[in-house]
Protein chains: 4
Amino acid sequence: MSTEEPPPELPSQPRRRGFRTGRLEAFSDGVFAIAVTLLVLDIAVSADAGHHLLRSIADLWPSYLAYVVSFSTIGAAWLAHNAITEYLDRADAAFVRLNLLLLLFVSFLPFPTRLLADYIGEDSPERVAVTFYGISLLLTTTMLLVLWRYAVRARLVRPDLADEEIQLLTERLTPGLGAYVVLIASGLFLPTIAVVGYLGIALYYIIPFRRLSASILPKRRRRDRAGH
Amino acid sequence: MSTEEPPPELPSQPRRRGFRTGRLEAFSDGVFAIAVTLLVLDIAVSADAGHHLLRSIADLWPSYLAYVVSFSTIGAAWLAHNAITEYLDRADAAFVRLNLLLLLFVSFLPFPTRLLADYIGEDSPERVAVTFYGISLLLTTTMLLVLWRYAVRARLVRPDLADEEIQLLTERLTPGLGAYVVLIASGLFLPTIAVVGYLGIALYYIIPFRRLSASILPKRRRRDRAGH
Amino acid sequence: MSTEEPPPELPSQPRRRGFRTGRLEAFSDGVFAIAVTLLVLDIAVSADAGHHLLRSIADLWPSYLAYVVSFSTIGAAWLAHNAITEYLDRADAAFVRLNLLLLLFVSFLPFPTRLLADYIGEDSPERVAVTFYGISLLLTTTMLLVLWRYAVRARLVRPDLADEEIQLLTERLTPGLGAYVVLIASGLFLPTIAVVGYLGIALYYIIPFRRLSASILPKRRRRDRAGH
Amino acid sequence: MSTEEPPPELPSQPRRRGFRTGRLEAFSDGVFAIAVTLLVLDIAVSADAGHHLLRSIADLWPSYLAYVVSFSTIGAAWLAHNAITEYLDRADAAFVRLNLLLLLFVSFLPFPTRLLADYIGEDSPERVAVTFYGISLLLTTTMLLVLWRYAVRARLVRPDLADEEIQLLTERLTPGLGAYVVLIASGLFLPTIAVVGYLGIALYYIIPFRRLSASILPKRRRRDRAGH
């Protein structure tokens, strides 16, 4: 082998096309799964809760709320990550690095979640905790969009993918950014509203509008065709 | 590419049939495995246990009991999840979301497990802890049944699956719900009995009646055939 | 094969032959990896260690020793588990349940590891901690042997596997049991010796005698043949 | 089956060629993912932080710095591990054991990370923490190089791999060792500089020089050819 890279005449070298996405997905799934499961470690009653355990459990509602919001957000991020890698033909070096950056934010989320659970309802620190939490969610979602846009720009997506499908996923990922910015700002005045809003964004990502419409549209088209 | 979706004339588009179940299983396996392994973090002797360590270790029996019951329940849920995805031809968007909801309950289980370990034997809080624990197990099992019934109703199961096999899994998943309700109610009066009952349900799910019968039945049938 | 298995007329039912080993391995790998990684959570200097941090770090040698012994033991168990599933043609229901029981012991190991790290060098509690630790290791190794013997007896191993290979793995897994019993007993008098012994057993399992001989033997045979 | 090993005449026995790399990668991915995700557990504000939460969050900068450095280092190690296994044709017994040793160091990293976060800025203990941290990173990187060199020497790499590619990865992994030694030494006098240096090494590993050049070179060559 005198040359450094195989000559382009050789057609079939699938492994050289880029990074194997298998381990990238396995590692990402691991980080998502662990981040989501570590959230429960921060739910705890105080040591002297035995005298009024029912009330202590009920008083933990901020922890449950934080748990549900963070679980939903990480779940939504995992779904979006799934959609991105599902559309991927291959990964390149930069994609793998951007993915690491996304995971850095994802695995950081248990910390702001704990702050949120600890300081909700405590007036002044509540605003700080909610804002800090919102910024962490914003960074995570931004990285998802960056990852997706990079994949599209670097032509890593599958060649058989329709432009409209690419557009649809971009449109699906984008509005969350604006919503987070608005909620972070309003959280300075109405922290609880912001938290509910964060849950709303996560649910918006989770509830499958895109897929629903994707499965409705073909039917309609077929009906149109049948109507001919 | 003028049309949004590929024309239905093209027959072979396996990836469009639905969500890839590979990552769904990998993510679920991760959450199940982590939830089960985090349980041990809540087993600890007190700081001054050194003077009478043997007794301190023995006194932790509620922790061991809670560990075994929760491990068995999550193990049984993993087995049931396995049976469901084994029967699955593909997943759709709603299935993936219901699966996330199931995982939300599964990864929550270490918290009621810790409460159970901490308050067993402490009269009044014991009832609260046992009831809270039972409700958490009930929610997890209910979600498994919801997931399975949805898969059947949305025709996600493999087309070559006999109706009897579908029925068998439904029958296998259902009675646990009633048993949990009865045990939660009786746990208000006899908490320890309820905990033993929870272990019983988990073992009922784990011990492979269905599979046993499945491997016995064919033999009988063959014997019948041989008897002709 | 006229009995016990579906009639040979039906050719293609690979999935019915037994449990998919893929998820069993993924779940097991998850539990092994998490158990091994959680060990580090129990290594910590005291809160006031800042004044003499170098010494505090050095004084943690029991924690490092416990970390290395438990990591090696779980690593050895993972290697043995790997060897077992590598030899497996398929899994059946009972194998999956026995595997769950093995994982119950594996994911329990961080607790006796913590006790060992906390009480080594503290005379009386040290014996308790070392004995408790040894019993936990013994249970884990016993379950590995039970799993393997069950797989052999239930004819789950690959049909092309030579009896000698089966025998070799059995012989490899067995002596550890006796060694653990001896070490547990001697640990009542010489706890530190027992801990070093536990490390020795783990290293014995890890150092690949079997594979070495397997790779040496064929060469020798070829040489013999060449000598003809 | 009269002979112990299949006769060498039979050519196609892929599974005998060595250890399946699938589970090795899955287990390694698990350990990398968990180690990276556990780092967040050590980021916490003090219990009385509520009065000045914004400041408490800001005062945690050593924790964030330690988090980013350790995340980057483990991420870089994962990338290097990926490159190694990507080049691997098969694994042998010794490779699997060396890999376990690498994972022992990787899963240990959260402990020095915690020390670093706790003692940065505290003069005398800071030097100890930074040195201990640097040695841990050095050991991890050394093991990666040992693993790779072993794979090359034991001829485990893919036969179609050009010598230059092997050389490139070796050159990529080597300079980190020297840099770590220099930084560990200078950290005794300038601890903060050392930490920044550790981040620099991790980023050096992460930023894909090799791959960049690999994707630039073919283009240039094609251009040359087009120029003919």
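For region C:44-91, which positions are of a type in the set (Asp, Glu) and closer than 21 Å to residue D:21 by Cβ?
C:86, C:89
Within region B:1-22, track down each residue that is of a type outside the set (Val, Ile, Thr), at pLDDT 60 or above and surrounded by fewer than 21 Cβ atoms within 10 Å (Cβ to Cβ). So that I can check it myself, show each step before the final result.
Filtering region B:1-22 for residues of a type outside the set (Val, Ile, Thr) gives B:1-2, B:4-20, B:22.
Among the residues that remain, those that are also at pLDDT 60 or above are: B:19-20, B:22.
Matches in region B:1-22: B:20, B:22.
Looking at residue A:96, is it within 8 Å of another protein chain (Cβ to nearest Cβ) and of a type in the set (Val, Ile, Thr)?
The answer is yes for residue A:96.
For residue C:170, indicate whether it is within 23 Å of residue C:84 (Cβ to Cβ) and modelled with pLDDT under 90.
It is true that residue C:170 is within 23 Å of residue C:84 (Cβ to Cβ) and modelled with pLDDT under 90.
Mind telling me which of the residues B:207, B:201 ends up being of a type in the set (A, V, I, L, M), crowded, with 16+ Cβ neighbours inside 10 Å and either within 30 Å of residue B:70 (Cβ to Cβ) or at pLDDT below 85 (or both)? Working first, answer last.
Details: B:207 fails: crowded, with 16+ Cβ neighbours inside 10 Å.
None of the other options fit; the residue is B:201.
Could you say whether any residue in region D:87-110 is in contact with an Asp or Glu (Cβ under 7 Å, 6 or more places away or on another chain) and either surrounded by fewer than 24 Cβ atoms within 10 Å (Cβ to Cβ) or farther than 27 Å from residue C:77 by Cβ (or both)?
No; the residues of region D:87-110 include none that is in contact with an Asp or Glu (Cβ under 7 Å, 6 or more places away or on another chain) and either surrounded by fewer than 24 Cβ atoms within 10 Å (Cβ to Cβ) or farther than 27 Å from residue C:77 by Cβ (or both).
List the pairs whose first member sits in region C:33-60 and is without any contact (Cβ under 8 Å) to a residue 60 or more places away in the chain, whose second member is of a type in the set (Asp, Glu), and whose Cβ atoms are under 6 Å apart, counting only residues at least 6 apart or on separate chains?
C:50/D:122
Being aliphatic (A, V, I, L, M) and either under 22 Å from residue D:196 (Cα atoms) or more than 7 Å from chain A (Cβ to nearest Cβ) (or both) is the filter here, so list the residues in region D:46-61 that pass it.
D:47, D:49, D:57, D:58, D:60
Taking residue C:41 as the residue in question, decide whether it is under 18 Å from residue B:35 (Cβ atoms) and either surrounded by fewer than 23 Cβ atoms within 10 Å (Cβ to Cβ) or more than 14 Å from chain B (Cβ to nearest Cβ) (or both). First the steps, then the outcome.
Values: under 18 Å from residue B:35 (Cβ atoms): yes; either surrounded by fewer than 23 Cβ atoms within 10 Å (Cβ to Cβ) or more than 14 Å from chain B (Cβ to nearest Cβ) (or both): yes.
Criteria met by residue C:41.
Just give me the residues in region A:173-200 being in contact (Cβ under 8 Å) with a residue 40 or more places away in the chain and part of a helix (DSSP H, G or I), in sequence order.
Scanning region A:173-200 gives A:173, A:180, A:181, A:183, A:184, A:187, A:191, A:192, A:194, A:195, A:198, A:199.
In the list C:56, C:70, C:63, C:46, which residue meets the criterion of being crowded, with 20+ Cβ neighbours inside 10 Å, over 15 Å from the mean Cα position of the chain (by Cα), polar (S, T, N, Q) and at pLDDT below 95?
Exactly one of C:56, C:70, C:63, C:46 is crowded, with 20+ Cβ neighbours inside 10 Å, over 15 Å from the mean Cα position of the chain (by Cα), polar (S, T, N, Q) and at pLDDT below 95, namely C:63.
What is the number of the single condition among (1) farther than 18 Å from residue D:64 by Cβ; (2) surrounded by 19 or more Cβ atoms within 10 Å (Cβ to Cβ); (3) of a type in the set (Gly, Ala, Ser) that residue A:129 does not meet?
In the conditions (1) farther than 18 Å from residue D:64 by Cβ; (2) surrounded by 19 or more Cβ atoms within 10 Å (Cβ to Cβ); (3) of a type in the set (Gly, Ala, Ser), residue A:129 misses (1) alone.
Take the conditions touching an Asp or Glu at 6+ places or on another chain (Cβ under 9 Å), modelled with pLDDT of 85 or more, surrounded by 13 or more Cβ atoms within 10 Å (Cβ to Cβ) and more than 30 Å from residue D:101 (Cβ to Cβ) and apply them to residue C:156. Does it pass?
Taking the combined requirement at face value, the residue satisfies it.
Residues in region C:126-139: is at least one farther than 29 Å from residue C:58 by Cα and either of a type in the set (D, E, K, R) or modelled with pLDDT of 90 or more (or both)?
Yes: one or more hits.
The values are calculated or read from the model by the stated rules, or taken from the named source; none is laboratory data. It should be emphasised that the depicted structure is a prediction, and the values quoted were computed from it without experimental measurement. No Cβ is skipped: glycine too gets one built from the backbone with ideal geometry, and neighbour counts run over all protein chains shown.
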